[in-house]
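> Okay, handing you the structure first.
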Amino acid sequence: MFPFVFAAAQSGSTVNPKKQELIELEACAGSALQGFRPIADTRTQRFNGKVALLTALCRGGQKAVQLRFTPWVDFSNYWGTGDLSSLPQGYFSTSAPQFRGVSGALLDLEYQRIELIKFNLFDNNGTYEDYVAGRNGLVGAALKTWPQMRLPQSSPYYAAVGGDGEQICKGELIRARTLTGICNDIRNPLMGSSGTPFARNVEFETTFPDLEQNQLTQNRHGGRINLLTPDPQVISRKLFTRVQSNPDACNHGLGLPNDSTDANCDYQKAPFFNVLAAYWIQFMTHDWFSHMEEGHNAAEMMAVGCTTQKVNGVETPLSPDDAQKLGCRPADRVDKAYVQQDSAPGTFTSGGKSYLTRAPKTFSNNNTAWWDASQLYGFDGTSVKRVKRDRNDPAKLLLEPVAGKQGGYLPVLAADDPAAPQWAGQESVAFPDNWTIGMSFYHNLFAREHNIFVDEFRKQAAKAPNADSGLRNPSDPARVIRYKDVTSDELFDAARLVVAAEIAKIHTIEWTPQLLYDEPLYKGMNANWSGLLGTGDPDDSKVLSDIVVHGFGKSKNATKESQWYSVFASGPGIFGLGSKVPHYSIANPDNVNGGVNHFGSPFNFPEEFVTVYRLHPLVPDLIEYRDVNQDPNQIVQKVPVIETFEGKATDAMRSRGMANWGLSMGRQRLGLLTLHNHPMFLQNIHLPRLDTPTQQVDIPALDLIRDREHGVPRFNEFRRQYGLRQLTSYDDFVDRRLPLDSPARKQQEDTVKQLREVYGTHVCDSSKVITDAQVNDDGLPINDCLGHPNGSVVDNIEDVDTVVGWLAEYTRPHGFAISETQFVVFILNASRRLFSDRFFTSSFRPEFYTQFGVDWVNNNGPGPAMMEAGTPNGHKQPVSPLKRVLMRNVPELAPQLKSVVNVFDPWGRDRGQYYSLDWKPLAASAGDPAFKQ
Ligand code: HEM
């Protein structure tokens, strides 16, 4: 079929554009005839982000065809998925190819999500056997409740949820988000609560590769890796260090006296993402997960490397001289990770195959896994004591005036507040760890947002005291709660729900589309939130929502349920799924809980998710400080981030003020997630709490150690497990799209040499099978030679730490601040944290949020939605949620925000047309020296 098209596709020769378009259209017809690819039955048949020849030709022309043979996903080569240059020239129109490219990319992403849901859920609570083998005639993927998710007898709420009978949350426990996260799912009270184990996204058998517990891992790593091999500090110094043009001006990231502008720490900058975006994601992770408890790990200390390096392929001890030259410290020590369970896991057999019931070790997530703003409001009995409410209005958080500054500021920790010693002098918040000016900024901002919601609600209550607020009390569901009857506690809880939902919205439709700055992801993320339909017609959303919740959500057919649920959810969007059922009643558990879907596996974040959020390169060493009351184009000081660490942030915030920090971090570009780009101050940070000879630690090196402690598979197996193509040598990292003689390519090739030096090579043995997650194209098992001849010298690509691997991914889709390996982890887990949370689905209702709260979330603040002028990247869109939050809480920034479309795009940048990444100033910012760098 279509021999002419195949021949044209494979020839790679250039033809007249109009003729080429006709060939592509014929390829589209051929691709359509071949039909949709089936969802894989086994993990070895997975999609891998690679499409058939005709599909590639249809969606992206010759370029897409030629790049099919790289390990990287195909969608990034489709028409319209980049900037203007990704649209064809000389075709009959650009809109038709653009549509084929962008919608094709969306389809690829949906396939990935379906298969991720199918193959990558591994719960550590003991439910995995049921997931694989099913229970009481139900297949695992259709299970909705688990005995392991019951509250234990030791819980103070054990009796309230039903004790040893059927457990179901009710009354006070379902009215709002609970402190520890219990009762989000009312039939699985324990799910997502603080202290429950991190899940996994990879087969349990493939975790803890250092332990070499099975033949595949032994074959894969050949005894070459363990906790400190290859040496993490050596990796940090050789592969992570920022190269400085003038080391004295950087001073190891400490800057110069008096915050002098003569200071300079070079770093590789992302032109389309700012420092506010860096701190935003740290602020998010402090909501989602933590391995630490109150600022520390386990009591036992351990060495952290700086002891060996590979010399001619052999691990060789480092001499003191070598260590000094590298800049690492053999005397550093750090506290070991807490382990929740390390007894040998059980095994079971299903379908003739043997499985582990959990990972060999598990670790507890000490935060609630829910997106519940727990970093602000607390996640256990200790953290909540640091959350101060305003005595004059207990619906509000306590904020204090600061002389000469607008708006309130968080109070400082008091002597009798529970706090680790290193937090002394910090602002009092539920999650105070790893605190710098960025955390102070967002905590203050959202405390203000909480309070402004309360103020506006009270104004509404004064205007219409007898009107129905929409709120209901589950203990007395029939009683209408009028505005004037809403208690301070009820209002506090509603404000928390609103703030958490706003944060989720900002993250989903503002932060992420700027992190992944291209058209498919703009559409995809908006689809996650408010639906792909995008017609603006609420009836359309309702119809699809009904199909999803009542058709597929209730299905006992696991294939239908898990495979297509996420596709249909893209229609109405995940947010609010199941909230529009007729005759909704807070007294009906099926209404309250009916919109959630856990896809057969209880929700928590996996260890692999933590790994891909180790984003320390985002942080610059120095903040380019500006003053709103002077010329905003002028950098008036260079403030070292470390000068705002822990208690030092308080004075930095209060003396300089929210507005100046907002402007400074809004204008400055963040650090690219790439090798040779970790902050110098983090490699040398002083942590006196460690009480060790150096009192120092290299955080980038520690990132590697923690992943090894947590048993994260190394990079290549990590990719195979997630349904991405493996690499067969370090050379695969080089971006093949770059011209052979370009300086960027040369630099990448140099880094590849360094990777080879650090991780080494070995003589391969093709009799050793190294994985069961994928097979070769010919259907044969993947072996130690990775396609190279038996006995040849191959790269130890299997040993590369996952963080190192994704930082080395130079080949990325357009506008991706992260790699495709990180992205695939997000596709799965970012969707799940919406799908699983009833407050974002069936309990996104006035009965919980108040009508005023529901409108606030939908309209990005009080009053009707505001629309942005023009059509940025071709879209009519509301004024972004974070822009609205900033405008009302830090009004001094309003003039600076006028030209801002997305708060995470550097404020003075001209966004140009269609996803431009150019670093070019708007006319008003032409004088800004940052644009001359
Ligand atoms: C700006 C200053 C920052 C400082 C001083 C800092 C410091 C630290 C420290 C001391 C740890 C704990 C290491 C351990 O004992 O395991 C850590 C962990 C971590 N950091 Fe940062 N960090 C900063 C920024 C960021 C940013 C911007 C991100 C972006 C998401 C981030 C993500 C993480 C993650 C994911 C972990 C692991 C947490 C866990 O294991 O639960 N950090 N950081």
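> Beyond 40 Å, what share of the Cα-Cα pairs of the chain is found? Please give it as a whole percent.
Summing the P(r) of the chain above 40 Å gives 39 percent of all pairs.
> Now for a separate question. Go through 276-284, 735-743, 136-144 and give me the packing order, highest mean Cβ count within 10 Å leading.
With the highest mean Cβ count within 10 Å placed first, the list reads 276-284, 136-144, 735-743.
> Here is a follow-up. As a test of the formula, what do you get for the chain when each DSSP H run with n ≥ 4 contributes -39,500 (n - 2.57) and the sum is divided by the residue count, at 222 nm and rounded to the nearest 500 deg cm²/dmol?
Helices in the chain give a 222 nm mean residue ellipticity of -10000 deg cm²/dmol.
> Indicate the gyration tensor shape class of region 655-755 (rounded, prolate or oblate), computed on the Cα atoms with a ≥ b ≥ c the square roots of the eigenvalues: a/c under 1.5 is rounded; otherwise a/b larger than b/c is prolate and the rest oblate.
oblate
> What FRET efficiency would be calculated for the residue pair Ala462, Lys753, taking the C-beta separation as r and a Förster radius of 56 Å, to the nearest 0.05?
Efficiency for this residue pair is about 0.20.
> Gln309's amide H: which non-local residues (gap 5+, or another chain) put their own amide H closer than 5 Å, with H modeled 1.01 Å from N in plane and none for Pro or chain starts?
Those qualifying (amide H under 5 Å, at least 5 residues apart or on another chain) are Thr316, Leu318.
> Measuring from a point 7 Å past the Cα of Ala298 along Cα-to-C-beta, which residues in region 690-719 have an amide N at less than 12 Å?
From region 690-719, the list is 709-710.
> Straight-line reach only, C-alpha to C-alpha below 29 angstrom: list the lysines that Lys920 could link to, leaving out same-chain residues fewer than 8 apart.
Correct list for Lys920: Lys63, Lys269, Lys505, Lys523, Lys638, Lys746, Lys876, Lys883, Lys898, Lys932.
> Can you tell me the order of 367-376, 452-461 when each peptide is scored by its average per-residue count of other Cβ atoms within 10 angstrom, highest first?
Going by the mean number of other Cβ atoms within 10 Å, highest first, we get 367-376, 452-461.
> Sticking with this one: Which FRET efficiency, nearest 0.05, do Asn312 and Val636 yield, Cβ-Cβ r, R0 51 Å?
Here the calculated transfer efficiency is 0.50.
> While we're on this one: Considering only DSSP beta bridges with both partners in the chain, what is the antiparallel share in %, to the nearest 5?
For the chain, the DSSP antiparallel bridge percentage is about 95.
> I would also like to ask the following. Note down the nm distance, to one decimal, between modelled labels 7 Å out along Cα→Cβ at Asp651 and at Ala587.
6.0 nm
> Want the number for Lys63 to Ser260: 0.36 nm per residue separation, take away the alpha-carbon distance, what's left?
Full extension from Lys63 to Ser260 adds 66.1 nm.
> Order these peptides, 108-120, 230-242, by their mean beta-carbon neighbour count within 10 angstrom, highest first.
Result, highest mean Cβ count within 10 Å first: 230-242, 108-120.
> Mind jotting down the distance between the C-alpha centroids of region 44-117 and region 319-354, whole Å?
Rounded to whole Å, the Cα centres lie 39 Å apart.
> Let me ask something additional. Compute the distribution of all C-alpha to C-alpha distances in region 163-221, in bins of 10 Å from 0, and list the percent of pairs in each, rounded to whole numbers.
20, 30, 17, 18, 13, 1
> For Arg737 and Gln34 in one chain, what is 0.36 nm times their gap in residues minus the Cα-Cα distance, to one decimal in nm?
250.2 nm
> Compute the label zone of Thr94 within region 896-920: residues whose backbone N is under 14 Å from the point 7 Å along Cα-to-Cβ.
912-917
> What FRET efficiency would be calculated for the residue pair Asp777, Ser475, taking the C-beta separation as r and a Förster radius of 60 Å, to the nearest 0.05?
0.45
> Full-extension gain between Ala420 and Gln695, please, as 0.36 nm times their residue separation minus the C-alpha to C-alpha distance.
Between Ala420 and Gln695, full extension yields 97.4 nm more.
> How many nm separate the modelled label positions at Asp455 and Gln340, each set 7 Å beyond the Cα in the direction of the Cβ?
Output for this residue pair reads 4.1 nm.
> Is the shape of region 694-746 best called rounded, prolate or oblate, per the rule: a/c under 1.5 gives rounded, else a/b larger than b/c gives prolate, else oblate, with a ≥ b ≥ c the square roots of the Cα gyration tensor eigenvalues?
It comes out oblate by the Cα gyration axes.
> Now for a separate question. How many angstrom lie between the C-alpha centres of region 473-514 and region 759-801?
Between the Cα centres of region 473-514 and region 759-801 lies a distance of 53 Å.
> Still on this structure: Pairs of Cα atoms under 8 Å, at least six residues apart: use those to get the relative contact order of the chain, whole percent.
Value for the chain: 19 percent.
> Then there's this: Taking a cut-off of 29 Å between Cα atoms, list the lysines near Lys353, but don't count ones fewer than 8 places away on the same chain.
Within the straight-line limit of under 29 Å, Lys353 reaches these lysines: Lys50, Lys118, Lys144, Lys361, Lys556, Lys560, Lys768.
A short reminder: the numbers here are calculations on the coordinates, not readings from a lab. The structure presented is a predicted model; accordingly, all values stated were derived computationally and were not measured. In this analysis, Cβ positions are derived from the backbone assuming ideal geometry, glycine residues included, and neighbour counts consider all displayed protein chains.
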